[in-house]
Every structure is written in C-alpha cells, then in structure tokens.
Amino acid sequence: MSCAAVCCDSTWAVKRGFVTIRKGSYSYEDLLQCAHGELFGPGNAQLPLPPMLMVDRITRISAEGGERGKGEVVAELDIKPDLWFFEGHFENDPVMPGCLGLDALWQLLGFFLGWLGAPGRGRALGVGEVKLMGQIFPTAKKAIYKVNLKRVIMRKLVLGIADGMIEVDGETVYEAKDLKVGLFTPPEAA
C-alpha cells in the first residue's frame with residue numbers, strides 16, 4: 001500500500017503493512033519509542049533521541065482540532081535547571097536557545113504527519129516568520145508547545161504547514177508562522 005489508509009473512526013492507520021494505534025496523547029516512553037522508529041514503522045517519521053528530543057509528552061493530538069479545524073498538537077517540556085543546554089548557553093546567563101524551541105515545533109509537526117499515517121522520513125523545510133518575545137530560563141517550570149495545522153498535502157509529496165507557539169508558565173515567548181515539514185521516502189522504498 002503506497003498511501004496511508006486511515007480507518008473511518010481515525011483510531012488506527014495502516015502503512016505498508018505496519019499498523020499504528022492512533023492515540024490522543026503520548027507519554028515520554030511513547031515518544032522514545034517513536035525516536036527508535038518503533039511507533040510509525042521502519043522508514044517512517046521519527047523523533048530525535050535525547051538530548052535533542054525537546055518534548056516530554058504530547059497532551060493532545062487531533063486531526064480535526066486547532067485554530068482552523070485542520071489538526072493540532074499540544075505538548076509539554078518540563079523545565080529543569082539541569083537541562084543540558086543551560087550549562088553552555090550562556091555562561092552565567094543561562095537561557096534556552098531559541099533554535100531549540102523552533103526545532104521542538106518542527107518535531108511535533110513531523111510527528112503529526114507520521115501520526116496521520118503518511119509514509120516517509122521527516123525533514124524540516126522552513127519557516128515563514130519567527131518571533132521571540134520572551135526567554136526560557138532555568139527557573140521556569142513548564143513549556144507548552146502548540147502546533148495548529150494550516151494545510152496537509154498527502155500526495156507524492158507529503159507536506160505539513162502549521163503555525164506554532166510556545167508558552168512558558170502562562171506567557172507566550174515564541175511564535176512561528178508557516179512551519180514546514182516534509183516526509184520523504186527513499187527511491188528504493190517507493
């Protein structure tokens with residue numbers, strides 16, 4: 001089967017003989033399973049392994065939700081003073097690098113495409129506009145990532161376009177417009 005077949009109740013997807021249970025939330029252990037290529041099947045969307053995995057849990061994922069009704073992902077990262085990036089960014093002035101927040105949004109958009117049942121390996125393709133309106137310090141408690149789908153193309157090209165934001169302890173600190181992630185199947189696997 002070259003395209004995803006999604007059951008009418010949207011609880012499972014079949015891709016090239018691999019069955020994925022589509023849940024509405026995912027634990028850290030589930031995300032690690034995805035990072036090892038065990039959640040969406042071999043050759044399909046994966047999250048990075050720690051320390052580059054920038055998410056502790058996905059609290060909500062839906063193909064119908066979000067600001068435009070085209071899908072959403074809501075996830076969290078527990079902020080701890082001993083997170084790996086605080087030590088070197090910057091000396092005596094620790095702050096989470098903005099690029100890691102942006103990468104977390106791309107990670108979640110790629111996860112969404114895999115969750116839909118789309119085949120291929122995820123790659124960040126760009127972003128239209130990024131605003132950094134605040135900072136994430138080691139004294140913060142929790143970052144909440146929100147990805148709102150604008151468009152999903154599921155043809156030979158698999159592409160997700162979304163807007164994203166990051167809230168820390170109730171304050172919006174980053175916004176990203178037109179995040180783009182594609183899924184690519186190697187020619188020998190097509």
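Worth pointing out:
- Scanning the stretch 27-44 turns up one or more residues that are small (Gly, Ala, Ser), at pLDDT 95 or above, closer than 30 Å to Gly170 by Cβ and within 14 Å of the chain's Cα centre (by Cα).
- Unmet criterion (only one of (1) without any contact (Cβ under 8 Å) to a residue 12 or more places away in the chain; (2) closer than 15 Å to Gly66 by Cα) for Leu149: (1)
- Residue count for the stretch 44-70, restricted to those that are touching a Gly at 6+ places or on another chain (Cβ under 8 Å), in a loop (DSSP other than H, G, I, E, B) and buried (at least 17 other Cβ atoms within 10 Å of the Cβ): 7
- Residue satisfying all of: in the stretch 146-190; closer than 17 Å to Val95 by Cα and in contact with a helix residue (DSSP H, G or I) (Cβ under 9 Å, 6 or more places away or on another chain); surrounded by the fewest Cβ atoms within 10 Å (Cβ to Cβ) among these: Val173
- Scanning the stretch 71-91 for residues being under 18 Å from the mean Cα position of the chain (by Cα) and either modelled with pLDDT under 95 or buried (at least 18 other Cβ atoms within 10 Å of the Cβ) (or both) gives a total of 7.
- Test set (1) in contact (Cβ under 8 Å) with a residue 12 or more places away in the chain; (2) surrounded by fewer than 16 Cβ atoms within 10 Å (Cβ to Cβ); (3) hydrophobic (A, V, I, L, M, F, W, C); (4) assigned to a helix (DSSP H, G or I) - Cys99 fails condition number: (1)
- Criterion applied to Phe112, Phe90 was being among the aromatic types (Phe, Trp, Tyr) and more than 16 Å from Gly66 (Cβ to Cβ), and the one residue passing it is Phe90.
- For the stretch 22-43, a tally of residues being under 25 Å from Pro187 (Cα atoms) and surrounded by fewer than 12 Cβ atoms within 10 Å (Cβ to Cβ) returns 2.
- Scanning the stretch 92-127 for residues that are over 17 Å from the mean Cα position of the chain (by Cα) and either at pLDDT below 95 or at positive phi (or both) yields a single hit, Asn92.
- Among the residues of the stretch 152-190, the one identified as aliphatic (A, V, I, L, M), touching a residue at least 60 places away in the same chain (Cβ under 8 Å), more than 22 Å from Val130 (Cβ to Cβ) and in contact with a strand residue (DSSP E or B) (Cβ under 8 Å, 6 or more places away or on another chain) is Leu183.
- Scanning the stretch 137-190 for residues that are within 24 Å of Asn44 (Cβ to Cβ) and of a type in the set (Val, Ile, Thr) turns up Val147, Val152, Ile153, Val158, Ile161, Val181, Thr185.
- For Lys156, the conditions (1) out of contact with any Pro (no Cβ under 9 Å at 6 or more places or on another chain); (2) modelled with pLDDT of 95 or more are fulfilled apart from (2).
The values are calculated or read from the model by the stated rules, or taken from the named source; none is laboratory data. Not measured: the values here are computed from a predicted model. Neighbour counts run over all protein chains shown; Cβ positions are idealised from the backbone, glycine included.
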